[in-house]
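The values are calculated or read from the model by the stated rules, or taken from the named source; none is laboratory data. Keep in mind that this is a model prediction, so the values were computed, not measured. In this analysis, Cβ positions are derived from the backbone assuming ideal geometry, glycine residues included, and neighbour counts consider all displayed protein chains.
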Amino acid sequence: MEKSRSFVNKLLNMQRFLSYIENRLGSRYSKNELKSISHLLLKQYTGMNSAQIYCDKDTKFTDDITFQLNASVDRLFHGEPIQYVLGKTDFFDLTFSVMPGVLIPRPETEELVELILKDFRKANQQVKLLDIGTGSGCIAISLAKNLPNAKVSAWDISPEALKIAVENAENNKVSVQFLLKDVRNPELLTDNTEKWDVIVSNPPYVCESEKQAMESHVLDHEPHLALFVKDEDPLIFYRVISDYAAKHLFPGGGLYFEINSHLGKETLDLVQQQGFREAELLQDLSGRNRMIRAFL
């Protein structure tokens, strides 16, 4: 107890906290990253805005805030992503709860959402849309928010992920039908009761052999089920989803994928072999092969 009180006394104001986080995490993060992390933590636990953080260096913290800040820094020191520490992240101007059971949404995926919106954001257009492998629900929810006349459904094989996705839909005030489904189930191919205008997916696409090149905070904390595929069949989800889409999209419907940048040509060839026309391999803002768009 005395040790805990001593620690609290050392970190009771902001200037001491900023020095502490720099000393504790300086070997893991750059100065710019540390500045961003410090501000995120302070906003989360103190409610201060950026101007107050810049100007009020002598602000004193309560014991509770001090312990929360310390616990968060400790989690960051052990490699946990800041998004999991905060329990939330921003995506497409919306806020999403994220926990270790779901992937952290990436900026590249925002580009996939924007691509679909450019194609289907028309006045009063009715769209039936399916997101396969929804995870946190970031794609489905962002599309539902920006396509008010769309009927959006989303599938995932993880009950934990779906629970988080439902929470995110409620928090962002949109209606999405979330279902526990595995697109690899062959019964889905013979079920002709559902047709879609859009099918989108950001499925697992990282080959197991690529693990050694990944950063530890991803490898150690994000769900492998949502990340990795076997080297001997890296396009399994693209093949199965393309097969399903070829049978369940309305004529003229669109298929949208986020892809492994190293397998762009192979994924494009696979989609074209399924009978899709106007199949395109598209680059992200960094110039990497990142998306495929195709129409029946």
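Filter segment 104-135 for residues that are in contact with a Ser or Thr (Cβ under 7 Å, 6 or more places away or on another chain) and in a loop (DSSP other than H, G, I, E, B); which is surrounded by the fewest Cβ atoms within 10 Å (Cβ to Cβ)? Selected residue: Ile104. So in segment 136-146, with the set limited to residues that are crowded, with 22+ Cβ neighbours inside 10 Å and among the polar types (S, T, N, Q), which one is farthest from Ala294 (Cα to Cα)? That would be Ser136.
Just checking, how many residues over segment 71-118 are on the phi > 0 side of the Ramachandran plot and charged (D, E, K, R)? Number satisfying all stated conditions: 1.
Among the candidates Gly287, Gly252, the residue that is surrounded by fewer than 18 Cβ atoms within 10 Å (Cβ to Cβ) and in contact with a strand residue (DSSP E or B) (Cβ under 7 Å, 6 or more places away or on another chain) is uniquely Gly252.
So which residues in segment 271-280 are surrounded by fewer than 19 Cβ atoms within 10 Å (Cβ to Cβ) and either outside any helix (DSSP H, G or I) or in contact with a Lys or Arg (Cβ under 8 Å, 6 or more places away or on another chain) (or both), if there are any at all? Explain how you work it out, then say what you get.
So the first thing to find is which residues in segment 271-280 are surrounded by fewer than 19 Cβ atoms within 10 Å (Cβ to Cβ), and the list is 272-273, 275, 277-278, 280.
Answer for segment 271-280, where residues must be surrounded by fewer than 19 Cβ atoms within 10 Å (Cβ to Cβ) and either outside any helix (DSSP H, G or I) or in contact with a Lys or Arg (Cβ under 8 Å, 6 or more places away or on another chain) (or both): Gly275, Arg277, Glu278, Glu280.
The residue pairs whose first member lies in segment 57-69 and is among the acidic types (Asp, Glu), whose second member is at pLDDT 85 or above, and whose beta carbons are closer than 9 Å, counting only pairs six or more residues apart or on different chains, are Asp64/Tyr45.
Let's see how each residue does on (1) buried (at least 16 other Cβ atoms within 10 Å of the Cβ); (2) basic (Lys, Arg); (3) more than 23 Å from the chain's Cα centre (by Cα); (4) modelled with pLDDT under 90:
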| residue | (1), (2), (3), (4) |
| --- | --- |
| Met1 | no, no, yes, yes |
| Arg5 | no, yes, yes, yes |
| Tyr20 | yes, no, yes, yes |
| Ser38 | yes, no, no, no |
| Asp56 | no, no, yes, yes |
| Ser72 | yes, no, no, no |
| Ile82 | yes, no, no, no |
| Val85 | yes, no, no, no |
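Inside segment 88-98, can you point out the residues that are in a loop (DSSP other than H, G, I, E, B) and either over 12 Å from the mean Cα position of the chain (by Cα) or surrounded by fewer than 17 Cβ atoms within 10 Å (Cβ to Cβ) (or both)? Lay out the reasoning, then the answer.
Taking segment 88-98 as the starting set, the residues that turn out to be in a loop (DSSP other than H, G, I, E, B) are 92-93, 98.
Passing the criteria: only Asp93.
For segment 245-267, filtered to residues that are hydroxyl-bearing (Ser, Thr, Tyr) and at pLDDT 95 or above, the residue that is nearest to Tyr205 (Cα to Cα) is Thr267. In the set (1) polar (S, T, N, Q); (2) over 26 Å from Gly26 (Cβ atoms); (3) not assigned by TED's automatic domain parsing to the domain that holds Thr134, Thr59 fails one condition alone, (2). Has segment 175-194 got any residue that is among the aliphatic types (A, V, I, L, M), touching an Asp or Glu at 6+ places or on another chain (Cβ under 7 Å), surrounded by 14 or more Cβ atoms within 10 Å (Cβ to Cβ) and not in a strand (DSSP E or B)? Taking every residue of segment 175-194 in turn, at least one turns out to be among the aliphatic types (A, V, I, L, M), touching an Asp or Glu at 6+ places or on another chain (Cβ under 7 Å), surrounded by 14 or more Cβ atoms within 10 Å (Cβ to Cβ) and not in a strand (DSSP E or B).
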